[in-house]
Amino acid sequence: MLKAVRDKADKTWTWFKKTLVFMSCWGLVFSLVTIGELRVGFDYDDTIVFSTPAFAKAFKSAHQPFSPGFWTVVNQSYDVEERKLLPNVLAWTFRILGFRVSIISARPSYGGEALQKEWRYLAHDFIFSNGSTNKHRYLTKGNYVLYFGDSDSDILEGRKAKVLSFRVKRGSKSSYKEDYHPGALREIVIPFTEF
Ligand SMILES: [Mg+2]
């Protein structure tokens, strides 16, 4: 009986010590990352979300494709977008480790306030770069250490800004087929990010 109690106490103590070590490690990483104000960037369309349904909705609307009205529909249709599992887990992991998370979308900002608000828990900044070749301008501001994106242009923009860039896979159901040759730039392609 006494032995059982002692075993239980030992186990609890070991668990307590392990937790303490784990918390200390996390605390150390968190402090260093926070003090360094380190940032990680994520592209939005086909990286953080599967957004083809939002684009489909805008194409079906009365607005001229790629007009301000069209982009307003896209930016306000986040209810039909689907969050991609692994990229979101990745982004949250960085956030918990103390990184400042930015979402950098190539879209123009028309009607985008609600979308920025929707992502405020995950992302410290939601940036509309208004063009896929403008992203390096944002990636050079602040201490970005990593960038994740699905398009060839994402990898090129990240490299232009001297930020280590990783490829997220595009879902096979995405209607956007251009600017996508994973691995062709000898970048690291993250498996299982297409879902
Ligand atoms: Mg994209």
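Bear in mind that the values in this text are calculations on the coordinates, not laboratory data. Since the model is a prediction, treat every value here as computed from it, not as a measurement. We place every Cβ from the backbone using ideal geometry, glycine too, and count neighbours over all the protein chains shown.
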Inset, instruction - Please list, in chain and number order, the residues 5+ apart from residue 194 or on another chain whose amide H is under 5 Å from its amide H, with Hs placed from the backbone. - result: 169
Inset, instruction - Give the dimensionless ratio obtained when the Cα radius of gyration of the chain is divided by 2.2 N^0.38 Å. - result: 1.27
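Starting from the range 10-117, pick out the chymotrypsin sites (Phe, Trp or Tyr not before Pro) whose DSSP state is loop and whose Cβ has at most 16 other Cβ atoms within 10 Å. Kindly include the intermediate steps, with their values, before the conclusion.
Numbers: sites: 13, 15, 16, 22, 26, 30, 42, 44, 50, 55, 59, 66, 70, 71, 78, 92, 94, 99, 110; in loops: 44, 66, 99, 110.
Counting only loop positions with at most 16 other Cβ atoms within 10 Å, the chymotrypsin sites (Phe, Trp or Tyr not before Pro) in the range 10-117 are 66.
Using the Cβ atoms and a cut-off under 14 Å, what net charge is assigned to the surroundings of residue 143, where Lys and Arg are +1 and Asp and Glu are -1?
Values: positive: 39, 100, 141, 162; negative: 37, 125.
With Lys, Arg at +1 and Asp, Glu at -1, the neighbours total +2.
Please identify the longest segment of the chain free of exposed GluC sites (Glu not before Pro), where exposed means a DSSP state other than H, G, I, E or B and no more than 14 other Cβ atoms within 10 Å. List each step's numbers first, then the result.
On the way: sites that count: 37, 178.
Looking at the chain, 38-177 is the longest stretch - no exposed GluC sites (Glu not before Pro) with at most 14 other Cβ atoms within 10 Å.
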Legend entry - Fully extended contour minus Cα-Cα distance, from residue 11 to residue 26, at 0.36 nm per residue: 3.1 nm
